[in-house]
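Read through the structure below, which is laid out as structure tokens, and then see the notes.
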Amino acid sequence: MSALSVLLFLRKTTRTNEDKNSLVNRERDMTCMMKNTTAVAVALCLSAAPAFAADVEVLHWWTSGGEAAAVSVLKEDLESKGTGWVDMAVAGGGGDAAMTTLRARVTAGDPPTAAQMLGMNVTAWADEGFLGNLNDIADAEGWDDVVPPAVQRFGKYEGNWVAAPVNMHRPHWVWASAEIFNELDLEMPTTWDEFFAAADAIEAAGYTAVAMGGQPWQEATAWEAVVLGISPDLYQSAIIDADDAALRSEGIVESFEIMRKIRGYVDDNFAGRDWNLATSMVINGEAGMQIMGDWAKGEVINAGMTPGEEVLCGLVPGTQGSFLFNTDFFAMFDVGDDKKEAQLQMASAAMSPTFQETFNLAKGSIPARTDVPGDNFDACAQKSMADLAEATANGTLFGSLAHGHGQPPAIQGAYVDVVTQHFNSDMSAEEAATALADAVAAAK
Ligand code: BGC
């Protein structure tokens, strides 16, 4: 049995019930043995921890307070196993700037060891032949048995694991200030009529009704939720199938009408505002509501508040019973054999059940494995877990367009451009539906 096989075997046989520290120490020792073949070198290794040979340079876009807290969970976990972390953080919610930097690095022949990536980006990079193969660790650890098929679809390319999934985010939430809602005696809205009635009351009391950041991906996050809320069938046909007739339909016109109404409740300073600053407005009781993914919950937790108590969570009107998801993956670039062990170590660490629990408690998402108990999660995450099971059974689980799981990058860009153009102009809803169908047809 090779040293790597022994490491994989140790991890497989101990992952459920053995003391984690002893596993970490044994892994460190085994790793040493893999790097050093003489008896003397092994002896030195055993006494000089941490001994993992390589560093991993990780490109990611987790730079807000809550995101940074989640990153440090992974960094510390790896460092405890002797793998150094070289941080390559590229600020910018949704990851657009990070993906531009990644492309530039790869084009210059200098890819990072690992990169955070959303579903269809994983597929695109794998398609170009840049990603390494994680099957050794995935098979040894039984990823096929614990990762939901909807997530596997993006983590695997042509049957091979190429990226490790760390979470399942849900982008279609409404976050609300409990302080403002209590003061005004409001309930979490479940229809758009209730939403706009609450918004009127919040505005009349002198607060910003809807905290929003004017960046294309944030507007797209709201729009896709509006479409899902009109009907899951519309999400399927207009977004997942990119069907031309569906894109020109009354439903899509209605989605733009709702977006126009939402725009009326956004404050004047929203242009360019980062999503986490909009979340802060809700946390600080300056704004009543924000439509945003559950990474916003990471900010709530980071502010020392309890999600579901000081900041309330509800779903975007009409989306109860459905589930949009986006998963953050770590994809490993094919950067040579000397980094391979550290990459497998990172993939293994990111997939361990204990890590997935700790990380997702901070990140606001739920684990990408079905075998992590929900007991320690807050009420909003527990709702996500229950809703995920229900939506999976009902066929109403869909990938998020705004977050890379609905369409390949070029077609996704066509949607986002029209949504943002409409939101930031006086374009009519009918014109927007036509422009959208035309743009998607051109991008296909
Ligand atoms: C990512 C999240 C991230 C959010 C805001 C999403 O696309 O999946 O992990 O927190 O963008 O940056």
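The values are calculated or read from the model by the stated rules, or taken from the named source; none is laboratory data. As the structure is a computational prediction, the values presented were derived from the model and not from experiment. Glycine also receives a Cβ, built like all others from the backbone with ideal geometry; neighbour counts cover every protein chain displayed. Areas reflect the complete protein model, heavy atoms only, side chains present, ligands, DNA and RNA absent. Shrake-Rupley method; radii C 1.70, N 1.55, O 1.52, S 1.80 Å.
Extension gain, Asp110 to Asp87: 0.36 nm times the residue separation minus the Cα-Cα distance gives 6.8 nm.
Applying 0.36 nm per residue to the separation of Glu310 and Glu430 and subtracting their alpha-carbon distance, the gain on full extension is 39.3 nm. Rolling a 1.4 Å probe across the protein heavy atoms gives the stretch 342-397 an accessible surface of 33 Å² per residue. The helix-only estimate of mean residue ellipticity at 222 nm for the chain, built from DSSP H runs of length n ≥ 4 each weighted as -39500 (n - 2.57), is -16000 deg cm²/dmol after division by the residue total. Inter-label distance, Ala204 to Asp371: 5.5 nm, where each label sits 7 Å from its Cα along the C-beta direction. Dipole of the stretch 352-444 computed with +1 at Lys/Arg Cβ and -1 at Asp/Glu Cβ about the Cα centre; of His405, Ala437, Pro353, farthest Cα towards the positive end is Pro353.
Taking 19 Å as the straight-line reach from the Cα of Lys156, the aspartates and glutamates in range (excluding those fewer than 8 positions away in the same chain) are Asp127, Glu128, Asp136, Asp139, Glu141, Asp144, Asp145, Asp328, Asp334.
If the segment from Thr100 to Asp233 were pulled out straight at 0.36 nm per residue, it would be longer than the present Cα-Cα gap by 44.6 nm. 3J(HN,Hα) along the stretch 55-70: 8, 10, 9, 10, 8, 7, 10, 8, 10, 6, x, x, 5, 5, 5, 5 Hz, from the Karplus curve 6.51 cos²θ - 1.76 cosθ + 1.60 with θ = phi - 60°, whole Hz, x for Gly and Pro. What the pair-distance distribution of the chain shows, using all Cα-Cα distances binned every 20 Å from zero, is 26, 55, 18, 2 percent. For the chain, averaging the sequence separation of C-alpha pairs within contact (under 8 Å, six or more residues apart) and dividing by the residue count gives a relative contact order of 24 percent. For the residues Asp185, Asp136, a 1.4 Å probe over the protein chains yields an accessible-area ranking, largest first, of Asp185, Asp136. Exposure check, 1.4 Å probe, all protein chains in place: Glu79 carries approximately 80 Å² of accessible surface.
Here the accessible area is traced with a 1.4 Å probe on the protein chains. For the chain, carbon and sulfur cover 50 percent of it.
Computed from the Cβ-Cβ distance with R0 of 60 Å, the FRET efficiency linking Ala303 to Ala410 stands at 0.95. In this label model, Lys444 and Ala389 are separated by 3.9 nm, measuring between points 7 Å along each Cα→Cβ vector.
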